[in-house]
Amino acid sequence: MNKLTAALCLGLLASNVLAETPKKPDLGPCASLNGLRVLPDDNAWNRDVSKEPVDPNSDVLIASIGANKPLHPDFGTKWKGQPMGIPYIVVDGKQPKVEVKFTDYGDESDAGPYPIPPNAPIEGGPDADGDRHVLVLDRDAMKLYELWRAFPVDNGKSWKAGSAAVWDLKTGVPRPKGWTSADAAGLAVFPGLVRYDEVIEQKAVRHALRFTITKSRRGYVDPATHFASRSNDPKLPPMGMRVRLKANVDISKYPASAQVILAALKTYGMIVADNGGDWFVSGSPDPRWKDEELETLKKIRGKDFEVVKMGPMTTR
């Protein structure tokens, strides 16, 4: 091989490497991640469970949530004048960090400071009285900062929160056993959200989804680390329980956006992460969602799901 040929080959190789390098996530509220998959491929959120066995108590557990209740997309454009869903914001490594004071679970929260912009979107809006999640993704450090019951202090110069957690997205190390996070199950919230950029831009959701149930059991299974119930009823699901859409459910007649979400539910399933509405699946708000398409997801019923076989349960 002569020098010219070698140089051309090296140049071609370099251009291929550059072409395969994914773009960084964009900056701002509910920004596109440009195809980035958060957390390692072997993390529980990203695990393909389509071939895993069904839990022997699947029918009982599904019945306790509601076999005839509909799947409910808890995200979209707006609801009661506020963005509908759990918002997030992407920042870079230059974002100044501020102190966070904890009001409920400080002993199970990660100390600050946190890179929270003063204008960080709050779930439900600035006057909300619900979970008030604030999710901040540092795209340079690949760290995720999540707060529950978050309130800005002095126009965002500091914050107070019921609990909070910092996640290293490069490693995906879970919370210590028995610890909560910004979610009841001790899980990260952001990796389980349905996002507009993945459904519409990438046309693929490559992770499990987050969902809630009204009544849970006093127990948790991997990947959860925390429970949020006093009931020992064995018919109730523990935190961390995963369900998947049955393989024989026909999704071909749904709108394209709904098909992307339903395909993910067949491959990755969805994980019980908090107490809330039954079969409420979480996503991030975006004014470009077509709510009428998301509404078609309500044709799916609890009986269309099955519980993926669970591992050992922790009850204390």
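The values are calculated or read from the model by the stated rules, or taken from the named source; none is laboratory data. On a predicted model such as this, the values are computed, not experimentally measured, just so you know. Neighbour counts run over all protein chains shown; Cβ positions are idealised from the backbone, glycine included. For the accessible areas, the whole protein counts, side chains as well, though only heavy atoms, and no ligand, DNA or RNA atoms are used. Shrake-Rupley method; radii C 1.70, N 1.55, O 1.52, S 1.80 Å.
From the set of residues in the stretch 196-208 that are hydrophobic (A, V, I, L, M, F, W, C) and in a loop (DSSP other than H, G, I, E, B), which is surrounded by the most Cβ atoms within 10 Å (Cβ to Cβ)?
Step one: filter the stretch 196-208 for residues hydrophobic (A, V, I, L, M, F, W, C), giving 199-200, 204-205, 208.
So of that shortlist, the ones also in a loop (DSSP other than H, G, I, E, B) come out as 204-205, 208.
Working: Ala204: 14, Val205: 21, Ala208: 29.
Here the answer is Ala208.
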Flagged pairs (Cβ under 6 angstrom, 6 or more apart or on separate chains; first in the stretch 125-153, of a type in the set (Ser, Thr, Tyr); second open to solvent by less than 60 Å² (accessible area, probe 1.4 Å)) are Tyr145/Tyr114; Tyr145/Val136; Tyr145/Val166
Here the residues within the stretch 278-292 that are outside any loop (DSSP other than H, G, I, E, B) and either over 21 Å from Val49 (Cβ atoms) or open to solvent by less than 10 Å² (accessible area, probe 1.4 Å) (or both) are Val281, Ser282, Gly283, Asp291, Glu292
query = Can Trp159 be described as outside any loop (DSSP other than H, G, I, E, B), of a type outside the set (Asp, Glu), over 16 Å from the mean Cα position of the chain (by Cα) and surrounded by 21 or more Cβ atoms within 10 Å (Cβ to Cβ)?
reply = yes
* Asked: Regarding Asp131, is this residue part of a loop (DSSP other than H, G, I, E, B) and either of a type in the set (D, E, K, R) or touching a Pro at 6+ places or on another chain (Cβ under 7 Å) (or both)?
  -> yes
Of the conditions (1) in contact with an Asp or Glu (Cβ under 9 Å, 6 or more places away or on another chain); (2) of a type in the set (S, T, N, Q); (3) part of a loop (DSSP other than H, G, I, E, B), the single one that Asn119 does not satisfy is (1)
Checking Val199, Val153 in turn, the sole residue that is β-branched (Val, Ile, Thr) and over 18 Å from the mean Cα position of the chain (by Cα) turns out to be Val153
Of (1) open to solvent by 40 Å² or more (accessible area, probe 1.4 Å); (2) at pLDDT 95 or above; (3) within 27 Å of Gly240 (Cα to Cα), Asp129 fails just (2)
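Okay, residues lined up against (1) more than 28 Å from Gly302 (Cβ to Cβ); (2) of a type outside the set (A, V, I, L, M, F, W, C); (3) modelled with pLDDT under 95; (4) not in a loop (DSSP other than H, G, I, E, B):
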site: Thr5; (1), (2), (3), (4): yes, yes, yes, yes
site: Leu8; (1), (2), (3), (4): yes, no, yes, yes
site: Leu13; (1), (2), (3), (4): yes, no, yes, yes
site: Val17; (1), (2), (3), (4): yes, no, yes, yes
site: Gly35; (1), (2), (3), (4): yes, yes, no, no
site: Lys51; (1), (2), (3), (4): no, yes, no, no
site: Asp59; (1), (2), (3), (4): no, yes, no, yes
site: Gly76; (1), (2), (3), (4): no, yes, no, no
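Residue-wise test of (1) open to solvent by 50 Å² or more (accessible area, probe 1.4 Å); (2) among the aromatic types (Phe, Trp, Tyr); (3) touching a residue at least 24 places away in the same chain (Cβ under 8 Å); (4) under 20 Å from Gly311 (Cα atoms).
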{"residue": "Arg210", "(1), (2), (3), (4)": "no, no, yes, yes"}
{"residue": "Tyr220", "(1), (2), (3), (4)": "no, yes, yes, yes"}
{"residue": "Ser231", "(1), (2), (3), (4)": "no, no, no, yes"}
{"residue": "Pro237", "(1), (2), (3), (4)": "no, no, yes, yes"}
{"residue": "Ser257", "(1), (2), (3), (4)": "no, no, yes, no"}
{"residue": "Gly269", "(1), (2), (3), (4)": "no, no, yes, yes"}
{"residue": "Gly276", "(1), (2), (3), (4)": "no, no, yes, no"}
Expected single match for under 17 Å from Phe211 (Cα atoms), open to solvent by 10 Å² or more (accessible area, probe 1.4 Å) and touching a Leu at 6+ places or on another chain (Cβ under 7 Å) among Arg301, Arg244 is Arg244
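Give the number of residues within the stretch 234-273 that are of a type in the set (S, T, N, Q) and in a loop (DSSP other than H, G, I, E, B). Steps first, answer last, please.
Of the residues in the stretch 234-273, the ones of a type in the set (S, T, N, Q) are 248, 252, 257, 259, 267.
After this cut, where a residue has to be in a loop (DSSP other than H, G, I, E, B) as well, the list is 248, 252.
Total satisfying the criteria: 2.
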Residue pairs within 6 Å by beta carbon, gap of at least six or interchain, first lying in the stretch 156-173 and at positive phi, second surrounded by fewer than 21 Cβ atoms within 10 Å (Cβ to Cβ), listed first then second, are Gly156/Pro118; Gly172/Pro40; Gly172/Asn43
